[in-house]
Amino acid sequence: MTRESNIHLVDDDEVVRDALDALFRSRGLALRGYANADQFLRAWRDEALADTPSCLVLDVRMPGMSGLELFEQLKAHGLAPHHAVIFLTGHGDIPMAVEALRGGAYYFFEKPHSGNQLVDRVEESLAHVRRVAENAARGSGALLETLSPREREIAQQIVEDRSNRQIAEALCISVRTVEVHRARIFAKLEVKSAVGLAQLMAN
């Protein structure tokens with residue numbers, strides 16, 4: 001039985017949309033497909049999709065607005081930590097996809113990819129964004145209280161866009177120590193990037 005889900009695929013290739021729809025349904029997940037970015041943006045606005053924890057699977061290269069351009073539009077109009085974005089990318093687009101990860105995307109898959117691995121990652125991302133939404137409902141303050149004084153200090157430096165080396169020099173600790181603290185902060189707060197951390201700390 002297919003259960004209700006909040007998974008949205010934006011890909012101009014109808015064959016890809018149909019194949020992934022069949023695969024997701026075989027795993028008990030509903031997938032909504034969109035042929036282009038404009039079509040998805042209309043649904044985003046008209047159906048208040050920004051309010052619901054969801055996973056967005058975006059093709060990097062599409063006619064008109066690309067997946068990366070759509071990602072930037074969404075970040076400017078309501079994309080939140082309770083939305084996970086996964087990119088589907090060709091080999092030549094990997095540097096752009098890596099940059100998108102730095103900008104807050106959840107993951108990317110290089111084409112051709114394993115469909116079942118994609119479904120696994122989507123399910124993982126949905127579990128993550130639902131936890132984020134639950135934590136947000138309890139208040140970000142409760143999450144931030146789980147950080148030690150040193151972790152809060154480093155988190156603030158990360159939000160101020162300092163590099164690991166700059167943080168290490170400012171706090172008189174090793175770069176490796178900063179890396180360990182950074183990983184622990186992201187794990188405790190369930191964020192994937194400095195962008196997600198900044199959004200959480202701003203609430």
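The values are calculated or read from the model by the stated rules, or taken from the named source; none is laboratory data. Just so you know, these numbers come straight off a predicted model, no measurement behind them. Positions of Cβ are generated from backbone atoms using ideal geometry, with glycine treated the same way; all protein chains shown enter the neighbour counts.
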Task: Options Ala136, Ala170; residue that is over 19 Å from the mean Cα position of the chain (by Cα) and in a helix (DSSP H, G or I) - done: Ala170
TODO: Look through Glu110, Glu153 and report the one residue that is farther than 28 Å from Gly78 by Cβ, in contact with an Asp or Glu (Cβ under 9 Å, 6 or more places away or on another chain) and acidic (Asp, Glu).
DONE: Glu110
- [ ] Filter region 69-95 down to residues that are buried (at least 18 other Cβ atoms within 10 Å of the Cβ) and in a helix (DSSP H, G or I), then give me how many there are.
- [x] 4
- [ ] May I ask you to list the residues in region 144-158 that are without any contact (Cβ under 8 Å) to a residue 12 or more places away in the chain and assigned to a loop (DSSP other than H, G, I, E, B)?
- [x] Glu145, Ser148
- [ ] Name the single residue, out of those in region 56-68 being out of contact with any strand residue (DSSP E or B) (no Cβ under 7 Å at 6 or more places or on another chain) and in a loop (DSSP other than H, G, I, E, B), that is farthest from Asn36 (Cα to Cα).
- [x] Arg61
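Does Ala84 meet the test of being closer than 22 Å to Glu123 by Cβ and at pLDDT below 95?
In short, yes.
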TODO: Report the residue count in region 150-194 for those that are buried (at least 17 other Cβ atoms within 10 Å of the Cβ) and among the aliphatic types (A, V, I, L, M).
DONE: 10
Open item on the list: Any residue in region 173-193 that is under 21 Å from Ala80 (Cα atoms) sitting within a Cβ distance under 8 Å of a residue that is among the acidic types (Asp, Glu)? List the pairs, counting only those 6 or more apart or interchain.
Closed with: Ile185/Glu151; Lys188/Glu151
Open item on the list: Suppose we keep only residues that are touching a Gly at 6+ places or on another chain (Cβ under 8 Å) and at pLDDT 85 or above within region 43-71. Which one would you say is farthest from Arg121 (Cα to Cα)?
Closed with: Trp44
Task: Those residues of region 132-175 which are charged (D, E, K, R), more than 16 Å from Ser193 (Cβ to Cβ) and at pLDDT 80 or above, in sequence order - done: Arg150, Glu151, Arg152, Glu153, Arg165, Glu169
